[in-house]
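Computed from the coordinates by the stated procedures, all read-outs in this text should not be read as laboratory data. All values reported here derive from a predicted model rather than from experimental measurement. Quick reminder, even Gly has a Cβ in these numbers, built from the backbone with ideal geometry, and neighbours come from all protein chains shown.
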Amino acid sequence: MAFLTLEGVSKEFGSFTAVRDVTLTIDKGEFVSLLGPSGCGKTTTLQMIAGLVEPTEGRISLDGRDITREKPNHRGLGVVFQSYALFPHMTVTQNVAFGLEMRRVPSAERMERVREALSLVQLTSFADRYPRQLSGGQRQRVAIARALVIAPPVLLLDEPLSNLDAKLREEMQFELRRIQRKVGTTTIMVTHDQAEALSISDRVVVMEGGRMTQVDAPYRLYEQPSNAFISSFVGKTNLLAGTWRRNGTSSAVDIGGVLLEASAPEIAAGTPVTLSIRPEKILMRDAGAGRLEGRVASRFFLGSQWLFTIDTPIGTMMVSTPNQGVEPPAEGSPVGLDWSPANLRIIAGTAAAAA
Amino acid sequence: MIARSSTLSAPWLLAGPGALFFFGLVLLPLALTVILSFHAYDHSTGIQNTFTLSHYVTVVTDSYYLEIFWRTLRIAALTTLICAAIGVPEAYILSRMRDPWRSVFLLVIIGPLLVSVVVRTFGWSMLLGSQGLVNQALQLVGFAPARILYTETAIVIALVHVMLPFMVIPVWTALQKLDPMVEAAAWTLGASHFTALRRVVMPQVTLGMLSGSLIVFGLSASAFAVPALLGGRRLKMAATLVYDEYLHELNWPLGAAIAIIVLVANLCIMLAYNRMVEARARRTLG
Ligand SMILES: Nc1ncnc2c1ncn2[C@@H]1O[C@H](COP(=O)(O)OP(=O)(O)O)[C@@H](O)[C@H]1O
Ligand SMILES: [Mg+2]
């Protein structure tokens, strides 16, 4: 079922390796995000798929055909650039029609398909405007229409939403997913925004310093991050450094003398580990009723939830609780923290890389 | 009260030096030239203090002058065309170069501007002369020696060399403003390199090409050193003609009339061209 595959793809710029040994298989109709901090090689990876950057090593194939050395104008992939790269001297219609013109689609059919594409992105009434007369969100939709109208086998999106303001970005995420579902095009989206990657993708590929470090469905990525970097980059988390202890059948993490019960069968006793627990997995109880005693250091009201920082014997912990309509503990009040041991994730090694 | 009057006079004071400069160095000599061109001239007694239109009538009816004007127009247009044909691709290649090379080649292109036109023109006259390098090379590969010096060809070659930077620089500036991803977008949509250049890059550098063409045309049509040194005594252009009327014939009023006609003709051509191309470019580029 593999539709698009990357096998051991690397890219070197001089002595600098921007992308290192990326191997990835994408199925037809899938929506995959490349997620990572700025400069980790996402754009380079996307442009190698598009044919705009030639890989130093590795193989890229599409639907069984090796396209590693194929020119971009023969690949026929739809690309939405970070800057949108619309043709400034052409109207919206002319921009969208360009790809069809290059394919020598007869003019009647061309106009029909342009009209359909514009109605898909809800820009029908802007058909005769020039790009400079459009807002950021409208330009982005023109770029999507221009890429989709040629019915590409794969749609490549490079941070398509990063130039939009928060509210519009949220709307466009749903819009993008709606369009993708409707058209069914295999889509790869580059983003540095973890919330965006989690909310619209079928699978997320995390990249760090040119390497692929985890490929998983959003839910699994969030619940089972494979390293300390990912657990803090994807969502918020509390990272605590400790030592693994084992006593017969029970095991625990020792953090400065405090033992927290946890299970991670394959780790040897005495190994330094990092413990990760999400703020929403911690329950706040009355003082004395939890596994750990603490005191509220500060609290922030976020509307749908409260975010607390709690001083505890093992360090400061972030805790979030849903807004239940009653006033939660005030700053300075003692509280007890509780959690289900299954929600503690143990990551081998120290949290040095996580910061 | 004082503060108020000083704020009112401030713009005038600020614009004053520039305006004075412009008036003294451009408008005044121009007005004097216009007045001079209407004075009568007599070969034995010199400039008369009587009003006449005869110089203008002479210029526009005498085929000798018309031929020179026609040649000037032809050479300037040809130079502009060749400069565009060489300069635009050159600017494009330059804009796609990586850094050490880009700076080196930019210097190579702008470098000639640092050498006097007269010196460069003498250089060309040595190269193109009957025993020059070009003819020696022609003979070496078995061709008959060609007469290049003192022909329109020589003038066009040297003018293109002198004017090329004025075409490359505005086009290069326009290319710098272009998002390189726009060209890449055209490729991903199926356009070949050539089609992407023609349909996407070229239309966006029209304004740069327009300003380059105007500068090259204007400077070529009024060029003096190149036609004077490479055209010889007989092959005259407008500027050398004016020079001759002033300094050889000593007929200053006729020289002034020619200068005014050249100025007006140049202005008309450039304005019309500007109108035509800019209107089109503005409509789409804004
Ligand atoms: N043409 C290039 N020449 C040299 N280095 C480059 C080039 N393109 C990208 N890089 C480098 O490769 C790294 C990855 O870049 P990029 O793929 O654009 O990152 P991202 O899109 O994840 O922010 C960066 O450190 C960048 O400086
Ligand atoms: Mg990028």
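Taking the square root of 5 times each eigenvalue of the Cα gyration tensor, what semi-axes in Å does the equivalent ellipsoid of the protein assembly as shown have, largest first?
73, 31, 25
Which of A:Ile49, A:Ile255, A:Ile144 moves the most in a Gaussian network model of chain A with Cα springs under 10 Å?
The residue that fluctuates most here is A:Ile255.
Placing +1 at every Lys and Arg Cβ and -1 at every Asp and Glu Cβ, with all other atoms neutral, what dipole size does the protein assembly as shown have around its Cα centre, in debye to the nearest 20?
So the magnitude is around 940 debye.
So how tilted is helix A:107-120 from the main axis of chain A? Cα-based, degrees 0 to 90, rounded to 10.
Roughly 20 degrees between the two axes.
Give me the lysines in straight-line cross-link reach of A:Lys281: C-alpha distance below 27 Å, same-chain residues under 8 apart excluded.
Reachable lysines: A:Lys236.
If a/c stays under 1.5 just call it rounded; otherwise compare a/b with b/c (prolate if a/b is bigger, oblate if not). Do that for segment B:58-285, with a ≥ b ≥ c from the square roots of the Cα gyration tensor eigenvalues.
Note, shape of segment B:58-285 comes out oblate.
So how many Å³ per residue does the convex hull of the Cα atoms of segment A:283-338 work out to? Before the final figure, lay out each step's value.
Details: hull volume 3.7 nm³, N = 56.
Once divided by residue count, the hull of segment A:283-338 is 66 Å³.
With springs only between Cα atoms under 10 Å, which of B:Ala239, B:Ala19, B:Ala272 fluctuates most in a Gaussian network model of chain B?
Taking springs between Cα atoms under 10 Å, the residue moving most is B:Ala19.
How high is the relative contact order of segment A:283-338, in percent, with contacts defined as C-alpha pairs under 8 Å that are six or more residues apart? Intermediate results must be reported in sequence, preceding the final value.
Working: 120 pairs, mean separation 27.8, N = 56.
Computed over segment A:283-338, the figure is 50 percent.
For a Förster distance of 60 Å, can you work out the FRET efficiency between the beta-carbons of A:Phe13 and B:Val26, rounded to the nearest 0.05?
Taking R0 as 60 Å, the efficiency between A:Phe13 and B:Val26 is 0.70.
Just subtract the alpha-carbon distance of A:Thr68 and A:Ala287 from 0.36 nm times their residue separation and send over the number in nm, one decimal.
Taking 0.36 nm per residue and subtracting the Cα distance, the gain is 72.6 nm.
Looking at segment A:266-325, which GluC sites (Glu not before Pro) are DSSP coil and have at most 13 other C-beta atoms within 10 Å of their C-beta? Mind showing how you got there, number by number?
Details: sites: A:Glu266, A:Glu280, A:Glu293; in loops: A:Glu266.
Sites meeting the loop and neighbour criteria: A:Glu266.
In nanometres, what is the gap between the two model label sites at A:Glu57 and B:Ala15, each 7 Å from Cα along Cα-to-Cβ?
If labels sit at A:Glu57 and B:Ala15, their model points lie 6.9 nm apart.
Using Cα pairs under 8 angstrom and six or more residues apart, how large is the relative contact order of chain B, in percent? Provide the component values of the computation, followed by the final result.
On the way: 278 pairs, mean separation 74.0, N = 286.
Rounded, it is 26 percent for chain B.
Can you work out ³J(HN,Hα) from phi for every residue in segment A:136-153, in order, using Karplus 6.51 cos²θ - 1.76 cosθ + 1.60 and θ = phi - 60°, giving whole Hz and x for Gly and Pro?
Calculated HN-Hα couplings, in order: x, x, 5, 4, 4, 6, 4, 4, 5, 4, 5, 6, 7, 5, 7, 6, x, x Hz.
Find, among the trypsin sites (Lys or Arg not before Pro) in segment A:162-271, those assigned to loop by DSSP (not H, G, I, E, B) with at most 15 other beta-carbon atoms within 10 angstrom.
Within segment A:162-271, the qualifying trypsin sites (Lys or Arg not before Pro) (loop, at most 15 other Cβ atoms within 10 Å) are A:Lys236.
Quick check for me: using +1 on Lys/Arg Cβ and -1 on Asp/Glu Cβ, what's the dipole size of segment A:2-230 about its Cα centre, in debye to the nearest 20? It would help to have the intermediate numbers written out before the result.
On the way: 28 positive and 27 negative charges, 137 e Å.
About 660 debye.
Just tell me which lysines come within less than 18 Å, Cα to Cα, of A:Lys71; anything on the same chain fewer than 8 places away is out.
Counting by Cα, and skipping residues close in sequence, A:Lys71 has these lysines nearby: A:Lys11.
Quote the charge dipole size of chain B about the Cα centre in Debye, to the nearest 20; the model charges only the Cβ of Lys and Arg (+1) and of Asp and Glu (-1).
Roughly 800 debye for chain B.
Return the aspartates and glutamates within reach of A:Lys28: Cα separation strictly under 15 angstrom, same-chain partners fewer than 8 residues apart disregarded; answer none if there are no such residues.
A:Asp63, A:Asp202
Given contacts defined as C-alpha pairs under 8 Å and at least six residues apart, what's the relative contact order of chain A, whole-number percent?
15
Just to confirm the number: angle between the C-alpha axis of helix A:92-102 and the first principal axis of chain A, 0 to 90 degrees, nearest 10?
70
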